[in-house]
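Laboratory data are not the source of any read-out in this text; all were calculated from the coordinates shown. From a predicted model like this one, the values you see are computed outputs, not experimental measurements. Glycine also receives a Cβ, built like all others from the backbone with ideal geometry; neighbour counts cover every protein chain displayed.
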Amino acid sequence: MPAPSTHSNCANLRHPKWRDVPDSQWNDWRWQLRNRVTDLAGLAQLVELTPAERDGIDGRAGGFPFAITPYYLSLMQGPDCPVRRQAIPHRDELVRTPWDWDDPLAEEEHSPVPILSHRYPDRALLYVTHNCPVYCRHCTRQRKVGDARSAPSRDQLAAAYDYLRRTPQVRDVLVSGGDPLSLSDTRLEQILAELRSIDSVEVIRLCTRNPVTLPQRITPQLCERLRRYHPILVSTHFNHPREGTAEAGRALELLADAGFSCGNQMVLLQGINDNAEAVAELGRWLLRHRCRPYYMFQCDPVAGTAHLRTKVETGTNILDRLRGQLSGLALPKFVVDLPGGGGKVSLTPQRLLRREGDKLVFRDQRGREYNYVDRPKPVEL
Ligand SMILES: *Cc1c(COP(=O)(O)O)cnc(C)c1O
Ligand code: SF4
């Protein structure tokens with residue numbers, strides 16, 4: 001018998017507070033949204049908060065909010081729980097370092113229209129809502145996510161469509177936010193229909209964390225409505241195997257069955273998922289649910305996230321450990337998004353040691369050396 005996994009994924013984990021809620025309500029995303037926990041008093045009734053968490057919630061009042069769905073809250077365990085640390089504010093969020101930014105990717109500078117960020121020639125990112133079911137403590141866009149003043153207006157959306165119409169080199173549009181699935185099916189469908197009517201837009205990426213924080217939002221009806229605008233790729237954001245529940249797996253399978261190609265972008269977070277075992281277990285779980293691990297991000301230097309960041313070598317060391325041990329399909333690329341708007345760079349473990357003439361000397365995972373001669377000179381036989 002296989003050893004039980006440390007993160008056994010029992011279906012329908014529920015906090016005792018919601019034990020008697022009928023399944024029909026629990027599984028309804030609107031019920032989940034209506035019953036989100038968004039204040040200290042409500043949270044303190046459900047979770048035994050540490051003083052650091054209480055300080056974090058008080059200290060951020062009026063700033064980047066917190067909100068947690070009953071579903072996501074039900075996955076929480078003790079204070080070090082990877083789900084809890086992603087969702088409950090902490091005193092350390094109030095710390096600022098000289099190297100922190102509010103907008104580390106300089107998205108605002110690359111915005112021809114306030115809600116559109118166009119940094120790479122063929123891709124652009126569209127900010128369609130400021131809402132998310134759960135506000136992730138490591139969010140790169142916490143300068144505006146959760147803030148109603150950043151909600152895109154109809155005029156701004158119209159200006160973004162205009163820009164895309166007159167900028168045909170953009171072939172790939174990332175529909176992002178906030179979380180686009182915070183919009184109603186109808187609003188979302190309008191946006192996708194508008195983008196699909198632009199000839200030069202080849203693919204649409206729907207960037208959503210709902211499969212992780214509110215998997216009930218992925219309904220057969222939603223999939224039916226959105227699949228008309230294919231090709232749509234879904235980009236999601238699982239960070240830890242504990243998030244790989246039966247409900248989340250079902251959400252990914254609904255998407256895959258409806259023809260959405262799914263990819264995962266995780267963020268390496270100190271003490272949460274910064275080890276090869278977590279990355280491998282998550283990668284295998286994702287693959288089993290037909291979602292390809294795509295990126296493993298170095299955490300952006302956003303103000304308030306210093307305590308969540310890992311050393312850059314942590315990422316390359318994880319890949320060094322896993323390459324060759326784990327299906328290549330389960331292995332993400334490790335990426336640093338350069339602060340100031342330099343864009344993404346991928347880092348790989350250093351395996352090419354040196355060149356000796358025509359001979360390249362590589363090392364394998366265990367440090368053994370291997371030669372590869374790339375341009376051998378013919379020899380007289
Ligand atoms: C990350 C990003 C993209 C997408 O980049 P890929 O490497 O193609 O996934 C596009 N636009 C912006 C502004 C981004 O930050
Ligand atoms: S779901 Fe995405 S946009 Fe929303 S808080 Fe989390 S990381 Fe930020």
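Quick notes on this one:
- Leading residue at positive end of dipole, the chain (Cβ point charges), from MET76, TYR127, GLY283: GLY283
- Loop-located GluC sites (Glu not before Pro) across segment 142-206 with a Cβ neighbour count of 12 or fewer within 10 Å are GLU202, with loop assigned by DSSP.
- Difference of contour (0.36 nm per residue) and Cα-Cα distance, HIS110 to ARG288: 60.3 nm
- A simple spin-label model places pseudo-atoms 7 Å from Cα toward Cβ; at THR219 and GLN325 they are separated by 4.3 nm.
- If R0 is 30 Å, the Cβ-Cβ spacing of LYS377 and VAL345 corresponds to a FRET efficiency of close to 0.30.
- Highest mean packing comes first when the peptides 303-311, 350-358, 77-85 are listed by Cβ atoms within 10 Å, giving 303-311, 77-85, 350-358.
- A simple charge model with +1 on the Cβ of Lys and Arg, -1 on the Cβ of Asp and Glu and nothing else charged puts the dipole of the chain at about 540 debye relative to its Cα centre.
- With the charge dipole of the chain set up from +1 on Lys and Arg Cβ and -1 on Asp and Glu Cβ about the Cα centre, the Cα lying farthest toward the positive end among the listed residues SER24, ILE115, LEU40 is that of SER24.
- Calculated over segment 116-347: convex hull of Cα atoms, volume per residue (Å³): 120
- In this simple spin-label approximation, GLU202 and THR186 carry label points 7 Å from Cα along the Cα→Cβ vector, and these lie 3.5 nm apart.
- Based on Cα contacts under 8 Å between residues 6+ apart, segment 5-94 shows a relative contact order of 34 percent.
- The convex hull defined by the C-alpha atoms of segment 5-94 has an orientation-averaged projected area of 6.3 nm².
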